[in-house]
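Below is one structure, written out as structure tokens, with a few remarks after it.
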Amino acid sequence: MFIDKEKFEAIFQQYFEHCKKTNWLTEQERYKFEFAEWIDGRLDLDRQTDVEIDAIIETLQKQESAKTDENGLGFISLLDGGKTDEYNISKSEVGLMRRLVKGDLSEEKLNLKKYKITYPQLSVWLSCLDPSHYAPYLDDGILDGIRHLSIDKKKARKGKRSFLSATKHLLEIRSLLKSHQSALASLFRDIRGASQLNDLFYNWIAQDVCFFVAQHIVNANGTVAEEEVDYVLGVEKKQKLNLKNTSL
């Protein structure tokens, strides 16, 4: 068990009310749920080759984003600054994820040094290819939210350790969210339509809850507690933490 369930339930009610009363879902964060709606069911490692999967993602790259008026993957390209200004997933990166999902590559041996993809970007695509076992964590803002909900407050903030830790926490949050299925189905009716809330969509809701926590509870004033800054950045004095741009 990783998540403080009592705290989660109280925060979920805040999240639910905020979504009903504001434009959080209708405008601010709608883009990522539109992404989830579009990608759902389009990727299948059992039926598609790496080339075919890469082609589908390239098609998505050309879709308009309601959030940014840029390409549909604009928000993924910007994740944690990225290793390149323009990001397009490669066939070799699809192959890497295939090996990971199929068990031919262990998480312990996972290493991205030879690839342009970052761990936040990897989490997004793995959540599309294997939503039962992976969830998108995107950026430091989500990690701040995860830590606030977590029983253990000290979580790794860089690279693979943050990827593995965030995955475990988000999957537990997803499990807790499923107890609110009726409320969430009503909340996301305009985006999801008649489709059921599956693991892929629940993963993005889990991510969104953590981002909400970071924005409106933990970092409402744009800063984190001094001891948390020390842990995250390895500095000796309090500094402001940019939720969007700090590297993981």
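What is the percent carbon and sulfur in the accessible area of segment 114-183, measuring with a 1.4 Å probe over the protein chains and ignoring ligands?
Details: 1330 of 2450 Å².
Answer for segment 114-183: carbon and sulfur cover 54 percent of the accessible area.
What's the local net charge at Leu184, with K and R +1, D and E -1, over the other residues with C-beta under 10 Å away? Before the final figure, lay out each step's value.
Numbers: positive: Lys178, Arg189, Arg192; negative: none.
Local net charge: +3.
Please go through the residue pairs Lys113/Lys158; Lys32/Lys158; Lys5/Lys178; Lys116/Lys153; Lys113/Lys178; Lys7/Lys109 and name each one whose alpha carbons sit more than 25 Å apart in this structure.
Working: Lys113/Lys158 14 Å; Lys32/Lys158 23 Å; Lys5/Lys178 13 Å; Lys116/Lys153 30 Å; Lys113/Lys178 36 Å; Lys7/Lys109 35 Å.
The answer is Lys116/Lys153; Lys113/Lys178; Lys7/Lys109.
Under a Cβ-Cβ cut-off of 11 Å, what is the net charge of the residues other than Ala206 that fall near it, where Lys and Arg count +1 and Asp and Glu count -1?
On the way: positive: Arg174, Lys178; negative: Glu172, Asp199, Asp208.
Neighbourhood net charge equals -1.
Using per-residue counts of other Cβ atoms within 10 Å, averaged over each peptide, order 13-22, 204-213 from highest down. Walk me through the numbers on the way to the answer.
Working: 13-22: 14.3, 204-213: 25.3.
So the order, starting with the most tightly packed, is 204-213, 13-22.
How much net charge surrounds Glu17 when only the other residues with a Cβ under 15 Å from the Cβ of Glu17 are counted, with Lys and Arg +1 and Asp and Glu -1? Spell out each step's value before the answer.
On the way: positive: Lys20, Lys21; negative: Glu9, Asp208.
With Lys, Arg at +1 and Asp, Glu at -1, the net is 0.
The values are calculated or read from the model by the stated rules, or taken from the named source; none is laboratory data. Everything quoted here is computed from the prediction, not taken from an experiment. Here the Cβ is made from the backbone with ideal geometry for all residues, glycine too, and neighbour counts use every protein chain on show. Heads up: the accessible areas ignore ligands, DNA and RNA and are worked out on the full protein's heavy atoms, side chains in. Shrake-Rupley method; radii C 1.70, N 1.55, O 1.52, S 1.80 Å.
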